[in-house]
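The values are calculated or read from the model by the stated rules, or taken from the named source; none is laboratory data. None of these values were measured; they are calculated from a predicted model. Glycine also receives a Cβ, built like all others from the backbone with ideal geometry; neighbour counts cover every protein chain displayed.
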Amino acid sequence: MSNNIQVTPLKTRRLFIALLAFACLFSTQVFANKTVTVNSTDAELSQLDAQESDHEHHYRIHIGDKIHIALPGEESLNQGFTVNKQGQIILQEVGVLDVAGLTRVQLQHKVMTALSRVFKDLNGAQVYLAQKQKLVFVLGYVHTPGEVLLPGDADIQMALKAAGGLRAGAQLDQLQLRKSGQAPKRFNYKRYLDSGESDLLPQLSSMDTLFVPASSKIGNIEMEFDPSKIAAGGDATDRLAIKVFGEVHSQGSFVFDEKSNLVEYLMKAGGVTRYAGVEQIRVIIDSKPVLFNLTRYLDSGDLHLLPKIAAGTTIFVPKKEEQINAGANMIYVMGEVFKPGAYQGQAEASFMDILANAGGPTRFAESRQIRIIKASGEVRPFDLSAYTEGSSREGLPHIQAGDAIFVPEKTDINEKSWLKVAPSRAVRVLGEVVRPGRVEWSDEMSFLDLLAHVGGPTSRADTSGIDIVSKDKQGTLQSYRFDLDSFIKQGRAEHELPTIVAGATIRVHDLPTDPTDNKSQWVRQASDKSIYVFGQVGAPGRYMFTDDMHFLDILAAADGPTDKADLRNIRISHRNKKTAKISKVNLALYFETGDEHLLPKVSTGDTIYLPEQNRHWLEKAKETTVRVLGSVNKPGRYAFDDNMTILDLLAQAGGTSDSAHIEKITVINLSCCRDQARIFDLSGFAKSADFSLLPVIRAGDTVYVPDEGESTLAKVRNGLENTFELVSLAALLGFL
């Protein structure tokens, strides 16, 4: 018998099944120990997150990432799913799942939970991040603009390559990267290409938008672009560019760079020609002409000889023959003209002839600020617009050989740079106007022209008191106030407008935000434009006042009198008079009669006081009140006028008391010669109702209501009572 073991096909099949079962059991155990299950708790998820974050730095699922789901036997799941722009993956049996922003552990748990609702057996299921990717939009001047899917570590250069690369004519120094919810960020891709420094490029994330602008030199028509031809005219077209022309090989405009000097700009223009007069190079910096001797700089190497180049500088290299042929009438025309350059004119050629040969000013020229640079270095201004309008007092400037004419660029009103307008020809407009700021001034303008140029006053402007600080004819600063409302309402002539010169400052104040709560603006609100309202009003305080307003206007601004106000005794203190003056107003009588003459005339600086009804008697003069004494419910001093009677007065005092002797009411009248006393029988009047029996009451009188105990009958009754008491006492003593 042989020792070899015979393996039958049946045994082989059973051994394979056993090994497969053992492998499935082992893989299930591993999955249960090291991956997320449907029944995982929050604590277990947090622990797995912590273990995962140690290696992946808290990585969360991004839009564009590729998720892989493996489930044996399910072909619809055994594939990669890309996270779409909404941050979702779509499973055929499950539906839509939001996964963007989840950690890997949270992703596994969410997908497994969703699958458990559809599949019963999830043994062997796996969910993992198959590939990190970025979804980026590349737009603008590229060959195939649109959205591109990039690897997770992709940068700007890879995104441009995925979009087909840059087209010829793309402006490399003005690329923009826009992140969600943020403003676009510009970066210089050309500087990166020159240096290779990756720090110059911003980081790229999913859903970013990369925009590539086209150079302004390619025009508005899509056509074949030849960079070599365009570069011959410079690499910039904006107003801040450096303009180089004259005797250079490649005239044009070049991008301003703070690190570049004049020699470097000449190199960008291809260098000077053999005819260049390098000893007399003209440089216009911030509207100021400077002569530069290139030969002296090259001989000495002194960097201090190089002028400081600023944005918008103009560099002109003249011909060498212009310096050699001193007898030739060479005139230089620079700036905003159609054909700048050097011109040889006849001796009798005028300023207009030379300007016409240069093509005349462009539409960007500031023809009011033309500068004539004499050969001696003197600079003379010339206003061409005023001359053509016939308002100039000077004639055309005289031009000689070696002179230069500089036509500056027109100032943009939106340009914030102060270098555009010199302080010696600017006016400052502050406060409540539509466009406050510095404005270039011309003597042909008026104050109204200036206000119109800055957009006019706003709706909150106080145009009745505009402050102006300007120089007089002697050059002394003067401050004064102008009432624009009065000027317009009265239709006054323009020569009555305030005189404005360059260097002046105009401030337009604002009105109080709320008349009842303007305390925060007291510092700016002048006292000579205010009225003070105190006492029993709805909103006492300090109020703006104009000459067009009257007493009721300012009272209404203070929310009117309260229900406790004494309208018959309003007091007004006139503070602007030479001597102290107090006015009294009976507003109640005005409401009864409507007589406008009863209302006082108030002006700025006055004070209005509304007292309270039933105020303390010390506040009232004795000549304006009537005293009520004796047996009344509320004795005291009371206001009285000629329309009242003694009955009204007793009613104000609360009526007579129960013990009052109303048959003997005494009225003490004040007169010019002597005081008089009269007796009034209130009981008799009540029986007869004869109003002629009522005594005349005047302010300053005294009314006394005696008590019944003071009458004769009461005294006799008291005497009898005392006698009876004595007799009763004597009888009692005798008995005892």
Return the pairs, sorted by first residue and then second, in which the second residue is assigned to a helix (DSSP H, G or I), the first residue lies in region 685-704 and is closer than 20 Å to Asn633 by Cβ, the beta carbons are less than 8 Å apart, and the residues are 6+ apart or on different chains.
Phe685/Leu693; Ile697/Ile646; Ile697/Leu649; Val703/Ile646; Val703/Leu649; Val703/Leu650
Filtering region 176-222 for residues that are farther than 20 Å from Lys85 by Cβ, more than 30 Å from the chain's Cα centre (by Cα) and hydrophobic (A, V, I, L, M, F, W, C) leaves a count of 7
Taking the stated definitions as given, is Ala125 in the same structural domain as Tyr59 (by TED's automatic domain parsing) and of a type in the set (A, V, I, L, M)?
yes
Quick check on region 420-437: of everything there that is buried (at least 19 other Cβ atoms within 10 Å of the Cβ) and free of Cβ contacts under 8 Å to residues at least 60 places away in the same chain, which residue is nearest to Arg507 (Cα to Cα)?
Val421
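Of Ala660, Ala653, which residue is at pLDDT 85 or above, surrounded by 11 or more Cβ atoms within 10 Å (Cβ to Cβ) and within 25 Å of Asp563 (Cα to Cα)?
Ala653
Which is outside any loop (DSSP other than H, G, I, E, B) and at pLDDT 80 or above, of Leu430, Leu419?
Working: Leu419 fails: at pLDDT 80 or above.
The conditions single out Leu430.
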Condition check for Lys120: farther than 16 Å from Gly152 by Cβ, of a type in the set (D, E, K, R), without any contact (Cβ under 8 Å) to a residue 12 or more places away in the chain and surrounded by fewer than 16 Cβ atoms within 10 Å (Cβ to Cβ):
yes
Residue satisfying all of: in region 196-242; among the hydroxyl-bearing types (Ser, Thr, Tyr) and modelled with pLDDT under 70; nearest to Thr144 (Cα to Cα) among these:
Ser228
What do you reckon, is Val96 over 28 Å from Leu210 (Cβ atoms) and free of Cβ contacts under 8 Å to residues at least 24 places away in the same chain?
yes
Within region 666-679, does at least one residue satisfy the condition of being outside any strand (DSSP E or B), more than 60 Å from the chain's Cα centre (by Cα), modelled with pLDDT of 85 or more and of a type in the set (Ser, Thr, Tyr)?
no
Residues of region 176-202 classified as assigned to a loop (DSSP other than H, G, I, E, B), out of contact with any Ser or Thr (no Cβ under 9 Å at 6 or more places or on another chain) and in contact (Cβ under 8 Å) with a residue 12 or more places away in the chain, total
3
Please work out which residue is farthest from the chain's Cα centre (by Cα), limiting yourself to region 482-504 and to residues that are closer than 16 Å to Pro457 by Cα and surrounded by 15 or more Cβ atoms within 10 Å (Cβ to Cβ).
Phe487
How many residues are crowded, with 18+ Cβ neighbours inside 10 Å and over 40 Å from the mean Cα position of the chain (by Cα) when one looks only at region 366-396?
3
Look at region 535-566 and say how many of its residues are part of a helix (DSSP H, G or I) and not aliphatic (A, V, I, L, M).
2
Flagged in region 375-391 as assigned to a loop (DSSP other than H, G, I, E, B), closer than 25 Å to Arg363 by Cβ and of a type in the set (Gly, Ala, Ser), in numbering order, are Gly390, Ser391
Can you say whether Ile531 is of a type outside the set (D, E, K, R), in contact with a helix residue (DSSP H, G or I) (Cβ under 9 Å, 6 or more places away or on another chain) and either part of a loop (DSSP other than H, G, I, E, B) or modelled with pLDDT of 70 or more (or both), as far as the supplied structure shows?
yes
